[in-house]
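Coordinate-derived values only; no laboratory data. On a predicted model such as this, the values are computed, not experimentally measured, just so you know. As a convention, Cβ positions derive from the backbone with ideal geometry for all residues, glycine included, and neighbour counts pool all protein chains shown.
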Amino acid sequence: MKKFSICIIIFLTINTFLSSFKQQKIVYLKDIRYYSYPDYTRVVIDLSYPIKIKEKILPDQNKTRLYFDLKDCKLSSQYPDEKTREIIIDSGNLKKIRTGERGKYTRRIVFEFGHIEKYNKFYLVSPFRIVFDIFQDKTEEPSTYNTPITSPKNLENNYSIARQLGLGVHRIVIDPGHGGKDPGAINRKFNIYEKNVTLDIAKRLKSIIKKRSTYEVILTRENDRYISLEERTAIANSKKADLFISIHLNSAPRKSARGVETFYLSFASDPWAIRVAAQENATSTKNINEMKSIIEQIVKNTKISESKILSNCIQKNLVTQLKSKYRKINNLGVKKAPFYVLVGARMPAVLAEVSFLSNSQEAKRLKTSSYRYEIANGIYYGIMSYIKSLGKK
């Protein structure tokens, strides 16, 4: 009898463990968000747990429906009731998104189009999201990967296709980091919030560009409001921007850390760059490391070579401008890192960390309008330097 009781207990224990393990694998669909524009839509699917999908086109003659299944998936309690069955979008060629059950633990998501054209898909983590970029036009933008071109002087010279075609700059999107419920870095001693400083610098930069040139300038936010990282890039894509510059302030546990650094999108091996990316992504360094394969896949489709050149132009001119007015300006250089805000950008895109809010001297300077103006001035000269490198005025 004793042995029988022990067997029962062991059986129940194993059964409980297996049940709890199965429960941990259930994925909850939290929300489906979208940012729609006349010829471009970004759809973000929020999930509680990482899951890979394989999308397919429903076999109809007009090719109007794209679908994929989320296995072991249930609706979260926070999923909006009004989105339970369908979400009406009707913007560009994406008409609506439908959700439905395929068995007990499988949810099918269907995108209904006027006609399926070009789209991109990628994943983001912490929290986990599946992102679709949907374009109305079929035209592929020229890649800016370095492509060999025959040169009489040097056969080994490489030029991106953008430079070969003589593509110029007409529209610039400036992204003031953070905003609203996301304050960014905070220096409580001087009562400085990153979100306020980045907005002020962005407005100054817009004013400088408008006064000195004819380029169109768009800010992702004009006031203290929250914008998700996915929406910021979506704005740049929807406006068909030629450049995207995201402005941020740095922060470090070591209070003596100071200086300026500029980043472009790629996977980072440098521990410091990983830490900065994790801070701006509001995630952990563990998650950043886990997403290496995702980032490597993403950068294949980004304007990586032009972004690197733009980063160098901004870094050099920003440091030069600040050094002409202030002492102890550290040039921390150009680095690559996996910043979510740069993911999916269809144009050269960079993120500038323009000073350390955690450093007392730099924090004091950031309180002054003159220092913020010189930061904006330096970025402006960097943008102009980049445009000049394209052979454009």
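Quick notes on this one:
- Relative contact order of segment 26-135, pairs being alpha-carbon contacts under 8 Å that are 6 or more residues apart, as %: 31
- Karplus-based coupling profile of segment 185-202, in residue order and whole Hz: 5, 10, 10, 6, 4, 9, 6, 10, 10, 3, 4, 6, 5, 5, 5, 5, 5, 4, with θ = phi - 60° in 6.51 cos²θ - 1.76 cosθ + 1.60 and x standing for Gly or Pro.
- Integer Hz, Karplus 6.51/-1.76/1.60 couplings in order for segment 352-357, x for Gly and Pro: 9, 9, 8, 4, 9, 6
- Unit Cα scatterers, Debye sum, segment 26-135: log10 I(q)/I(0) for q = 0.13, 0.23 Å⁻¹: -0.45, -1.45
- For segment 217-225, 3J(HN,Hα) per residue [Karplus equation, 6.51 cos²θ - 1.76 cosθ + 1.60, θ = phi - 60°, Hz, x = Gly/Pro]: 10, 10, 9, 5, 8, 9, 8, 7, 10
- Listed peptides 369-382, 184-197 by packing density, highest first (mean Cβ within 10 Å): 369-382, 184-197
- Residues His115, His178, His170 in ascending order of nearby Cβ atoms (within 10 Å, fewest first): His115, His170, His178.
- Spatial separation of Cα centroids for segment 73-142 and segment 203-272, in angstrom: 28
- Most tightly packed first, judged by the mean number of other beta-carbon atoms within 10 Å of their residues, the peptides 206-214, 309-317 read 309-317, 206-214.
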